[in-house]
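Heads up: the structure comes next, in structure tokens.
Nothing in this text is a laboratory measurement; each read-out follows from the coordinates by a stated rule. As the structure is a prediction and not an experimental result, all values here were calculated from the model. Heads up, the Cβs are rebuilt from the backbone with ideal geometry, glycines too, and the neighbour counts pull from every protein chain shown.
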Amino acid sequence: MPDIEPSFRSGEPNTSHETFCTYLAKQLIAKKGFELAGIPEAKRLHEACDIVLTQSDGYTFSVLCMVDREARPNAAFSIAAEELEEIGKACLKYCGTVNGTTMPASIAVLEIGPGTPDQQARLQAFKRSSLRAKVIPSGIIVDTLSGSVWSNRTHWFWKGPYCGFIEKLLAAPRETDLDLATPAFVAPTSSFPFLAAFMVLVLVAIFAAEIVFGIGPWADLLQPTNITLVAFGGIMPNLVLQSGEWYRLLAAPFLHADIIHLVMNAIGLLLAGRALEPLIGRAWFAVVYVAGALAGSLLSLILNPPLIVAVGASGAIMGLFAAMLTISAHFPPGAIRTGLQMNAIYVLLPSLLPLSGALKGEKVDYAAHFGGALGGVIVGLIILGVWSRSERLPGFRQYAAAIAIAGAAALIYPAISVAHAYHRMSFSTQLIPPDRLPKTSADMTAHALELITKYPHDPRPRFFRAAQLLDANDRNGAEREARAGLADEDSWRPLLAPQFGNTLRVVLAVAINRDRHEEALQTARPACDAFRDGPMRKLLDDQKLCGT
């Protein structure tokens, strides 16, 4: 703990015990990131105060001018408000900039000890001259007799800077110098974010697969077709909720809609990894990523329209930056905390404001962004709860590693499911495009031969051709077309109406019923279970294919 020796301007020093002014200075140094002022601009302040502290977080610069009224009864801060503001302006060179704008410097005057009636009127003068002013003065009274704190910056919703901290110190038993000498936190180390870099490589490899194995030609900016995104596991609410394809919640965060989408997410992931991975370790980093990805997918599923195809790692990345903002509270005020907060806000603010994307004409999945951020906040709060200030990394890392490994193992499920979906969706390119599909049954029958020639794997024209041949009493031809239509049923079944296969079975059963009745009964059995009434059921009953 630094040795703080206040300079007494008058009176005798209080040697019976450490004054609260000195104790408060030690607390501010140990827990709030302040240090004894060593800048030349503080020379005049040293003449008027007992202790001068400064703090820089890389953006703002703060100065505390502390007058010890326990050691020097009735002492008062002697610098005029105008001169104090000039000192503050000289300190602006220690402030950082945001978007080219210099951040403010604050100077707080603290009179600490027994209070007197004139204090509030005197310290009321130390106020910001205007909303645009870069210097923010304030006055604070710490009455050690009544245990109260007053600030001229107090509002109904805020007590003012440092007031809450000081009030707690006044009410609590004093800590020893040994307690304060224990570091408030262990500073993080800097290391290369290997996990984040590996995940970027995985995203790049999967995107390359989208392009190389895409269904249909990709457009400008390496943009895969929608059918490619669906085949690779993109989220469509109707496919997840109605068809039960829940694997898409895990697959979609690894897909991207074009090269710009991939590059932006890769940059975001590397930025988050550089700041966060060394801070919390690879296990917790992976947990945050998985939680953000799943939460983003879930909210996207809930809020997006049924026909929207949602893809991208944005939800996971929002989770990383939201967790970064949350766990910044682990560190005392200073460069580390402010750096984490500023990095997170720079990404989260434009990513969570729908107006920003609308103005640029972008199609942004804000549901995934909000869901990912929510997941990141939740895991960030858990990390705060298990992170001792005396440890460099959060606790329970073995459990975090187990969760991360389970998440990686769970990817086997979407990988297998995507393989099936890809085969199914690639088969869809062999079906008649919706814009070329005849609108009526008569048109379909009239163009059946032409459509069979162009789309031999589409069962729909074969059904109408088989029915046409059956009406012409060409049972062999009807059988041939019906069997050809059913040959690829496993591929087209998920793409067409659920009962379409049974209508083909009805035609096939009728075609073979005269010569192979038992086989016809077996063929018709699924159709008999499916059709309880209607034209198909009547045809089955007329042919006595559903029993008596």
Straight-line reach only, C-alpha to C-alpha below 20 angstrom: list the aspartates and glutamates that K439 could link to, leaving out same-chain residues fewer than 8 apart.
E450, D458
Of all chymotrypsin sites (Phe, Trp or Tyr not before Pro) in the range 254-359, which ones are in loop regions per DSSP and have a Cβ with at most 13 other Cβ atoms within 10 Å?
none
Quick one: dipole size for the range 194-427, taken about the Cα centre, charges +1 on Lys/Arg Cβ and -1 on Asp/Glu Cβ, in debye to the nearest 20.
500
Among all the lysines, which ones have a C-alpha under 22 Å from K127's C-alpha, if same-chain residues fewer than 8 places away are not counted?
K43, K89, K93, K159
Putting +1 on Lys and Arg Cβ atoms and -1 on Asp and Glu Cβ atoms, find which of S130, P173, Q120 reaches farthest to the positive end of the dipole of the range 108-184.
S130
Say each of K168 and W246 gets a label point 7 Å from the Cα, pointing the same way as Cα to Cβ; how far apart are those two points in nm?
4.2
Rounded to whole Hz, the Karplus (6.51, -1.76, 1.60) HN-Hα couplings of the range 476-489, x for glycine and proline
5, x, 5, 4, 4, 5, 5, 5, 5, x, 7, 4, 9, 4
Determine, for R460, R274, R69, R514, the number of other Cβ atoms within 10 Å of each Cβ, and report the residues in order from fewest to most.
R514, R274, R460, R69
Please give every one of the lysines within straight-line cross-link reach of K31, meaning a C-alpha to C-alpha distance under 19 Å, and leave out same-chain neighbours fewer than 8 residues apart.
K168
Based on the alpha carbon coordinates of the chain, what radius of gyration and maximum Cα-Cα distance (Dmax) apply, in Å?
36.3, 123
